[in-house]
Amino acid sequence: FAPVFRSLLGWAFCDMFSCCGAPMEEFDAAVIPVVSKTTCTPVPPQTVALTVKISYALGLRKADFMGKSDPYVVVQVPNRMQTKVETHVKSGDLNPVWNCEFEVPGYKQGEDLVFKVLDKDPVSFDILGVITFPATSFQETGFDGEVLLEEAKGSKPYLKVSISGPTGKYPQEMAAASTFVVALTKPLGIELDATLSLVKVCKIAEGGSVSKHNSTAPQHLQIQLGDYVAAINGCIGKEAIKKAMEEASNAEMVIRPCVQTTVKVDTKGRALGLYLNYNETQPEITITSFKPDSPALNKLQPLDRIFAVDGVEQAKAMVDQLKRAQDLQSMSFKVKRAKPFPSSGPVDISSLTRIAKDDRGLLPQPINPISATALVQIYVRGQPFGGSDKSSSGHRYDTIPIANGMINAGMSCQLIHYVKEEHDTFLEVCKQFKAIVVRCNPGQIKADGGDQVKFDGAMRELRKLGIQVWPSPDVMEQMGAKDALVKVANLNIGLEDTLAYYTENEFAAGFKKTMAFQPRVIKQNRGSSGEGIWIIKLKSGNYCSNFGDRSCADDEVLELMEACDNHAETHTVAEFLEFCVNGRTSQSGKWDTVGTGKYLEGGKVAGGQLVDQRFCPRIVEGELRMNMIGDTCTGIIHKKPKAGGISAVGGTGSIYTYYAPDAPEFENLMADFSGKNLPTLMANLDLHNEPLPLWWTADFINSDPGTPGTPCTIDKWIVGEFNCSCVGISKCAAAYCQADSPNASFFDIPVKDLMEATYLGNLMGQKAAGILNACNTKAPSPAAAKIINRIEAVKSAVTMGVLSKEEAGSMMAKLFDV
């Protein structure tokens, strides 16, 4: 285990203006390494100040026979007891919070650190988990993050650890200094070059405000040639930055400094395979890309700016030197590059605009990830903070725990933003990943000027290539569509008299017949937060005894209540039909709803549909929401409407009560849903080749027909809605910006809430890794598949009570001729 933390900030752009002409040229060069021998006197390791912070642990096992565990943490250099420090004991706690900070006494440069989580016992102690940090994992940049403990005896506990770097600061503190903001007045006296995907400073004129700033600012806050301009007055992209420079009298500039490094490339007789962009009169040349077999891959990087080759400077001379590469044994490159950030690799995303200000809180990417994944977001440039779901970093408020969960499961997870102007480039970059986690709130792509249909088309193209997309557009549409309730009508969680309407004629005929029989709930497909969901009763109460005995007349009066705000309206059957089909017209009467009707507009292909479901009177007692990660329920919320209301939508005064997944009150529901319906749910929804979403919800209503407040005669809950469209982690709410908290970030999430969010993120990561692993598993032979199908059929029969365990055992014995 070698955790490396490089949480350095940075933004990139792919537009251009005021740029130099630059020919594209390809160079191949064979390079053979030079082996040199040097003699040096060993220097004894120096004692240095090293600080560690132990925040919390998650998921420790029960070590005490009569209780839980009494954990504490010991930190020391291996085999050097004099360096030992330890936390206090947290009695009876499997998710302890310590928040202890120590300086490791007598620590010497280059020594490893071991962290042991132990259970305090009067007689002895049990090891709850151990992790060893090699010195190389923290000596340059420090470390800050959660680590999976080893020697945990079957459990998978995590420990949150911070180790200071050489400056004495933790990585999150060092990260804040890797970009800086400078507020200047015009004229700035600079020129910007955006030839490639990073906007850089290519000229600083004497007398301008930048030059004056540099004359008084400390060196780490000076703007240097080659530094990158991330934004001006919050504007990103060529046109926006250019406009800001031209129009604004003051300029708040976000500067991303570049760093210099020396790289030696060993080609072992192979060609370099570099594509370069340069102007012979300029002092540097830029790497634009590599051939697939280039030996410089993972050493040099796209957008590295070479300013010396084997000591030779200036573009023309460096190009001549590169042409001599086949005659040389090795080549040394001095390059300038943007400071890296945790989500900058392993997949090259430098061609995409870097929207986020930083990746603070994100764990380091695995050195050898089992799969490369990306988390996609959208920053709405015309809205405060980039949208109501954003942290001050520009990421979604719950992005970091989800991405860290993927990383903790052994995958890489890079954070990228969809920018409509870069659609084609974005798609090509996404093709380099094994999976994409989409975290774009409904409507945000359109709000940023983009095309949701175009974006969804790109995601479907990735699915055709075998790349997982969570959730895919098909999954979002078909699980979120109201007619999903029709597709599950015959399951334990459905009602058999649930109908769907796609045309005006079938809606009129069907609704008049169902309305004459029982109170109904009519649900439009496109609304959100209860808009267009109507609870409807006949004012006369003239219901027929048997379904189909009669149909309602056009002039019969309906009493309606809308779920979005529980407001009531009264209309005739004809007015209701007219509003649903054509919206507000002279035939629809006066409506108080904020909605516009026209629920069938565009037909089925465009999402025009209405679902007609039996009204369950116990809805006034509340509904249940199951929070799901894959096939695992992580919690149940009972949402009770405000007195006199029917809907428990947020903001209507509803009361929420939280239950564990194994709450005895809902044992039968869990048995029906998890045990009987989940295994076939995606197939029932015509999503045969899609896994369950990573993070989704299912809402349930008690279908007992009795009067609210009286004992139930049946224990049956039916599903009212599925939702997998960017479900949020509510425990991260402290991280999103509001008018009174414009700088809210990941680090504002309270520790207890963060622990729960981390658990959810880790579980998502484990489910995602399992899905990708299953996709990579070779399909069984036809004969093996036949046996597997028979085994699954027997197991299903036992689950449904068709076979006893003894009968199933006998059938298994016959199956294998035992």
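The values are calculated or read from the model by the stated rules, or taken from the named source; none is laboratory data. None of the values given here were measured: they were computed from a predicted structure. Glycine also receives a Cβ, built like all others from the backbone with ideal geometry; neighbour counts cover every protein chain displayed. Ligands, DNA and RNA are excluded from the accessible area calculation, which covers all protein heavy atoms including side chains. Shrake-Rupley method; radii C 1.70, N 1.55, O 1.52, S 1.80 Å.
Key figures
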read-out	value
Rounded to 10°, Cα long-axis angle of helix 238-247 versus longest principal axis of the chain	80
Separation of the residue 454 and residue 48 label points, Cα + 7 Å toward Cβ, nm	5.0
With DNA, RNA and ligands ignored, accessible area of residue 565 (1.4 Å probe; Å², nearest 10)	80
Rough spin-label spacing in nm, given labels placed 7 Å along Cα→Cβ, for residue 570 and residue 805	6.1
Charged-residue dipole, Cβ positions (Lys, Arg, Asp, Glu), the chain about Cα centre, Debye nearest 20	1440
Set of lysines near residue 243 by C-alpha distance (under 17 Å), chain-local residues within fewer than 8 positions excluded	186, 200
Principal-axis tilt of helix 805-815 within the chain, Cα atoms, nearest 10 degrees	60
Residue-normalised accessible area of the chain, expressed per residue, 1.4 Å probe, Å²	46
Of 106, 133, 75, farthest towards positive along the dipole that unit charges on Lys, Arg, Asp, Glu beta carbons give segment 74-144	106
Interchain or long-range residues, amide H under 5 Å from residue 380's placed H	387
Orientation-averaged projected area, Cα convex hull of segment 680-776 (nm²)	10.7
Order by protection proxy (mean Cβ within 10 Å, highest first), peptides 419-432, 401-414	401-414, 419-432
Eligible aspartates and glutamates near residue 642 by straight Cα distance, threshold 16 Å, same-chain separation 8 or greater	562, 565, 621, 623
Mean Cα-pair separation over length for the chain, i.e. relative contact order, pairs under 8 Å, 6 or more apart, %	11
Protein accessible area in segment 267-353, 1.4 Å probe - carbon and sulfur %	45
Of all accessible heavy-atom area on segment 80-127, the percent that carbon and sulfur account for (1.4 Å)	49
Gain upon complete extension [residue 594, residue 730; 0.36 nm per residue less C-alpha separation]	46.2 nm
760, 465, reordered so the largest accessible area comes first (probe 1.4 Å)	465, 760
Of 116/334; 108/357; 537/639, those spanning more than 31 Å from alpha-carbon to alpha-carbon	116/334; 108/357
Residue 275 accessible area, assembled protein chains, probe 1.4 Å, Å²	70
Segment 257-320, relative contact order in percent, only Cα pairs under 8 angstrom and at least six apart counted	32
Only Lys, Arg (+1) and Asp, Glu (-1) charged, at Cβ; segment 448-573 dipole about Cα centre in debye	380
Given charges at Cβ of Lys, Arg, Asp, Glu: segment 542-597 dipole, positive-most of 580, 551, 570	580
By accessible area with a 1.4 Å probe, ligands and nucleic acids excluded, highest first: order of 512, 598	598, 512
Alpha-carbon centroids, segment 540-599 and segment 403-458: separation in whole Å	41
Size of charge dipole - segment 219-351 - debye, nearest 20, with Cβ of Lys, Arg +1 and Asp, Glu -1, no other charges	340
Calculated FRET value between residue 243 and residue 280, using beta carbons and R₀ = 25 Å, to 0.05	0.20
Extension reserve of the residue 655-residue 316 stretch, reckoned as 0.36 nm per residue once the Cα distance is removed	114.8 nm
Answer label, with Kirkwood radius over Cα pairs in Å calculated from the coordinates and candidates (i) 34.8; (ii) 28.8; (iii) 30.7	(iii)
Reach of residue 590 by Cα under 17 Å, taken over lysines that are not fewer than 8 positions away in the same chain	598
Probe 1.4 Å, all protein chains present, accessible-area order of 464, 434, 336, largest first	464, 434, 336
Distance violations [Cα-Cα > 19 Å] among 53/84; 264/299; 513/604; 420/731	513/604; 420/731
Contour minus Cα-Cα distance for residue 212 and residue 490 (0.36 nm per residue)	92.6 nm
Positive dipole terminus of the chain, leading residue within 162, 759, 674 (C-beta point charges)	162
